[in-house]
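These notes concern the structure reproduced below.
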Ligand code: THU
């Protein structure tokens, strides 16, 4: 599978995951798909709360799920899509979205534990637009375990 095919696969999985976004407050659905070294994919959607500030981003939920499965060191790439929901709750739109700042820091935890830069595919709810980044481009000079004297 080429790099672009991998990105397309992750964006497709993220789109499916976004269908279970719990986002009744923002009505902005986000899906994330984490690719592991064995080719398996862990997906999640954003999970909002009536106490808005408690809401969790799709990428963070996907990586917490990956960690709970004992696979945090095995993350190679993550795909993310998002878009404003239509009346049926389906994310729409062709503009790619990228991970928020907090999620970049969460992705960095996997990068540090796995000792590899992580590929971040930013896609849209619909259409073909997709951009490939490295986490190190999205979060240069990241805070990590080394700053705590660990690792
Ligand atoms: N959101 C994510 O799930 N990931 C991001 O990287 C950016 C924002 C969610 C949080 C909230 O549920 C909705 O998108 C609108 O901010």
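Here are the numbers:
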item	result
Residue match in the stretch 59-78 (condition: touching a residue at least 24 places away in the same chain (Cβ under 8 Å), within 13 Å of the chain's Cα centre (by Cα) and part of a loop (DSSP other than H, G, I, E, B))	no
Filter result (outside any strand (DSSP E or B), away from the ligand (no atom under 11 Å from the Cβ) and within 15 Å of the chain's Cα centre (by Cα)) within the stretch 5-39	6, 7, 8, 9, 10, 11, 12, 13, 15, 16, 19, 20
Any chance residue 80 is in contact with a strand residue (DSSP E or B) (Cβ under 8 Å, 6 or more places away or on another chain) and within 10 Å of the ligand (Cβ to nearest atom)	yes
Residue check, residue 128 over 16 Å from the mean Cα position of the chain (by Cα), surrounded by fewer than 16 Cβ atoms within 10 Å (Cβ to Cβ) and away from the ligand (no atom under 16 Å from the Cβ)	yes
Criterion: surrounded by fewer than 20 Cβ atoms within 10 Å (Cβ to Cβ), more than 16 Å from the chain's Cα centre (by Cα), closer than 24 Å to residue 21 by Cα and at pLDDT 95 or above - qualifying residue of 101, 93	93
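The values are calculated or read from the model by the stated rules, or taken from the named source; none is laboratory data. All values derive from a computational prediction rather than experimental measurement. No Cβ is skipped: glycine too gets one built from the backbone with ideal geometry, and neighbour counts run over all protein chains shown.
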